[in-house]
Amino acid sequence: MHDPVRKAPRKVWRRNGVSDGLRAVSEETALAITYNGGTYAVMMGTPQDYRDFAYGFSLSEGVVGSIDEIESFEAVEFDDGVELRMWLASEKAESISARRRQIAGPTGCGLCGIDSIAEAVKPAAVVAPGGSFSFDQIMTAMDALAPLQKINVETRAVHAAAFWIPSSGIVALREDVGRHNALDKLAGALAQAKVDTRQGMVLLTSRVSVEMVQKTAAIGAPLMVSVSAPTALAIRIAEAAGITLAAIARSDGFEVFTHPGRVTSDEAGQEHGHPHHARTVVA
């Protein structure tokens, strides 16, 4: 069994002396994505939420258009990694054989193995208009994020991706040492729970690069908010995809880079309610 958190012995050096003890550290292992017996990609990630990751990766990569196209799933653990085995209908399997990349992705790598510039910067899906969100709603959502990051509370070494909707607060949150993996896991969880993503926002603890925008567009969320900054290309892709990109979220506010019309200052004008307490409802 691969545990997501381990206790590592360490020697602590401080100005007032040296001591021994244990430190909680996040685990990292190879996660092999396979379709109908063939390896498509190998990523390094946190050994947790295997089905969510496999389904979310399949959706964001465009391997499937719906998780209903995945006929079966099995996670097989080995000493040095985990195989995430999926079986697709034969015609779907044939369509991916030509684009199988057989990549080895280091932690946090989201574009490994792509062999053309056009594929790397391909336009993201255009999201539906969705609803609007008040300043207070966005701040409430981001404030709720940190306490729910169970692995990060222990290790301070993993990223999180979460989804917030006005009626319920944070309905799903996933963590991983790789920021792209965390977002793929979130996508898989939302797809399985059949969450209406058109009326909510994606919350991130990492910088916003182009593939994070592309994955958010695949989820169908109209708004993404991150604690860190975006790249210039991410801003351009978000603009084209119709996504409101808010970033550099701090305790006193945030910055909006694209489609600012979705963010309002008057909560009284919101179509949806404002939850007093965020809660995770997708386990």
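The values are calculated or read from the model by the stated rules, or taken from the named source; none is laboratory data. If you're wondering where the values come from, they're calculated on a predicted model, not measured in any experiment. Note: ideal-geometry Cβ built from the backbone for every residue, glycine included; neighbour counts use all protein chains shown.
Some notes on this structure:
- ALA157 passes every criterion in (1) surrounded by 14 or more Cβ atoms within 10 Å (Cβ to Cβ); (2) not assigned by TED's automatic domain parsing to the domain that holds SER209 apart from (2).
- Condition check for THR205 on (1) buried (at least 18 other Cβ atoms within 10 Å of the Cβ); (2) of a type outside the set (Gly, Ala, Ser); (3) free of Cβ contacts under 8 Å to residues at least 24 places away in the same chain: one failure, at (3).
- Scanning region 174-218 for residues that are of a type in the set (Asp, Glu) and outside any helix (DSSP H, G or I), we see that the one that is farthest from THR46 (Cα to Cα) is ASP196.
- Members of region 38-81 that are among the hydrophobic types (A, V, I, L, M, F, W, C), closer than 19 Å to VAL5 by Cβ and in contact with a Ser or Thr (Cβ under 6 Å, 6 or more places away or on another chain): MET44
- All positions within region 167-196 that are surrounded by fewer than 24 Cβ atoms within 10 Å (Cβ to Cβ) and closer than 20 Å to VAL63 by Cα: ALA191, GLN192, ALA193, LYS194
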